[in-house]
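Data first, discussion second: the structure below is written as structure tokens.
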Amino acid sequence: MTFLALSGLQTAALAALTAGSIIALYFLKLRHRRVFVSSSLLWRRVLEDKQSHSLMEKLRRILSIIIAVTIALLIAISLARPEVEALTGKNERIVIVMDTSPTMATLRADGRTRWERAISEAMSLLNSGGPSTEFRISDTSGRIASSFTTDRNEMRQLLEKMKPVAADPQFPKVDGSDSLVYFISDGVSLPQTPKSVKRLSVFEKARNAGITAFELRARPSIPLGYEAYLEVQNFGEPAAVDITISGAGGQRIIKTVNLGTEQTFQEIFDLTTFEGGPIRAAIQSKNDALKMDDLAFAYLPIKRRTRTMLVTTGNTYLETLLKLDSFVEFSVVSPANFKEADVDAYIFDRFAPSTPPSRPSLIIGVPDAPWLRPSEGVVQKPQITTWSENHPIMQFVSVHDMSIERAARINAADLTVIAASAQAPLIVASERPKWVMLTFDLQSTDFPLHVGFPVFVDNVLAWFNRDQLALRGEPGTVEVPMVNAQIRSIDDRNVPAQTQLNKTVFDALEPGLYTATSADKRAHIAVNLANRNFSDVNRSAFRNDPALASTRRLLQRELWFYMLGLAAVLIAAEWYTYHKRITL
């Protein structure tokens, strides 16, 4: 037996003092007052009866003393908080680390997921500790990290709130020097753990085929033409996998492929006939154990003609290009006749109005306008040395071999520099108001003769008004490069979000298509698992590790609770026997 509040010597001293005090009180003799009576005949019978019951009186006194001492010792020793490991379990500090990787959602043969099995293991650990054992729970996603506590209900409630998420798994920082650390996992996402950690495996081999890549790509040869790249891999036994790609307008592509173990299917699907809107890829196979990687989403920009006004004194390149673009509704006016019109975009050739137009604009050259950056000089024969390949207006546009005779030098502070030479920016963009500027005119460059020039103009018009391809993200915490954006799911549910620095952050715990809107800006976000490391549910380093042996303690509370309860029962018994004249 051990004591949590007092040392063994202190407890023994307290017990001896308590027992001695109770016994001393029973043997304390009271001095009786002398009273003279006229005759002793009245007391003789009483004295004879007392002598005949003297043995019984001694037994009653002994029983009373035993009960009183027992009650006092129970109360006194309970103050020292005694612990008996065989009854209440071992007193220790235990850290439980839960693996919240997506593979923990894999189904087992018994119909439960690995995560549900892990919860059962964690509950067994909570039940195996002593009443004074302190527990702490953490996870590999970094979302949960409790402090040490003896409150089992708090730990159980915390476990009920947790679930597998597709965050980048990392083993949390825990101190194993003064506590036992248990890691409950299937061993897929985190094969390596600190040596002091006790691993508890919930791994069981399963069948799974998953979408490991799905994305839409623009086809430069076809205006507003797109194709979908799909990759499916089988990580279980050979299986027939049904593939379905469906669009918002009811268009559908269906295909069935037979995949062997570790075999991959890759194909590019033409989406020219698909209407714009959400695109959903789904696969189905027999006895598939992980559902999270069976769906993937994308967004196909809605096809519509962009009403465009060209303001120029004459530009054969631009006029011919816009006339041939079937997705542009084109009109042309001279600078002298320019006035605001009901259009989607303007193209200003060596001209700009005195006030910012109400629609996005492509500005060629550096015209003199108060709302634009003024020219600070001329750069002769600038060579493009840097350009932003990831910006939407530069997709499929190559400018490294472009020749420029001269360009204006401007101050590009607070602007997005799309392409630049060592001396000056050459293509810049502004978000508000929205415009793109070439700091050179088309007569001083061979850019219109490049195959990328029509693509560049179409990209600019698309960036101004048309829908863009969806941003890509994985389940977990998703970041959108917009401030104070409202996030809605594909079924038009509002998703809680918060602004951090210059971006909006929200949690997407499963694949889906989300829309972010802020003022006049809108973006689509395709959240897909699409990760070979998560779809390969059998790649476990814990496959031979044992599961936790279930152990339960006899008593569910500390021993002092039961000692005080027994003391209360004895007090009631002593009160009853006293009134029945069984004890003194």
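The values are calculated or read from the model by the stated rules, or taken from the named source; none is laboratory data. Computed from a prediction, not measured in an experiment: that's the story for all the values here. For neighbour counting, all protein chains shown are included, and Cβ atoms are generated from backbone atoms with ideal geometry for every residue, glycine included.
Results, tabulated for the structure shown:
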{"item": "From the options F534, F542, residue that is at negative phi, touching a helix residue (DSSP H, G or I) at 6+ places or on another chain (Cβ under 6 Å), modelled with pLDDT under 95 and among the aromatic types (F, W, Y)", "result": "F534"}
{"item": "Residue match in segment 87-102 (condition: exposed (fewer than 12 other Cβ atoms within 10 Å of the Cβ) and modelled with pLDDT of 85 or more)", "result": "no"}
{"item": "Any chance A485 is at pLDDT 90 or above and in contact with a Ser or Thr (Cβ under 6 Å, 6 or more places away or on another chain)", "result": "yes"}
{"item": "Tally of residues being touching a Pro at 6+ places or on another chain (Cβ under 8 Å), in a strand (DSSP E or B) and surrounded by fewer than 17 Cβ atoms within 10 Å (Cβ to Cβ) across segment 136-172", "result": "1"}
{"item": "Any hit, segment 371-387, residues being in contact (Cβ under 8 Å) with a residue 24 or more places away in the chain and under 16 Å from W463 (Cβ atoms)", "result": "yes"}
{"item": "Residue that is nearest to E267 (Cα to Cα), among those in segment 173-200 that are of a type in the set (D, E, K, R) and outside any strand (DSSP E or B)", "result": "D186"}
{"item": "Residue satisfying all of: in segment 490-511; buried (at least 16 other Cβ atoms within 10 Å of the Cβ) and free of Cβ contacts under 8 Å to residues at least 24 places away in the same chain; nearest to V527 (Cα to Cα) among these", "result": "V495"}
{"item": "Filtered residues of segment 201-211 (kept if more than 23 Å from the chain's Cα centre (by Cα) and in a strand (DSSP E or B))", "result": "A209"}
{"item": "Residues satisfying the stated conditions in segment 416-440, i.e. out of contact with any strand residue (DSSP E or B) (no Cβ under 6 Å at 6 or more places or on another chain) and in contact (Cβ under 8 Å) with a residue 12 or more places away in the chain", "result": "S421, A422, S430, E431, P433, K434"}
{"item": "Sole exception among (1) surrounded by fewer than 19 Cβ atoms within 10 Å (Cβ to Cβ); (2) modelled with pLDDT of 90 or more; (3) closer than 30 Å to V455 by Cβ for P220, by number", "result": "(2)"}
{"item": "Condition met for V397 (surrounded by fewer than 18 Cβ atoms within 10 Å (Cβ to Cβ), over 25 Å from A369 (Cα atoms) and among the β-branched types (V, I, T))", "result": "no"}
{"item": "Matching residues, segment 401-453, being surrounded by 15 or more Cβ atoms within 10 Å (Cβ to Cβ), under 30 Å from D520 (Cα atoms) and of a type in the set (S, T, N, Q)", "result": "T416, S430, T439"}
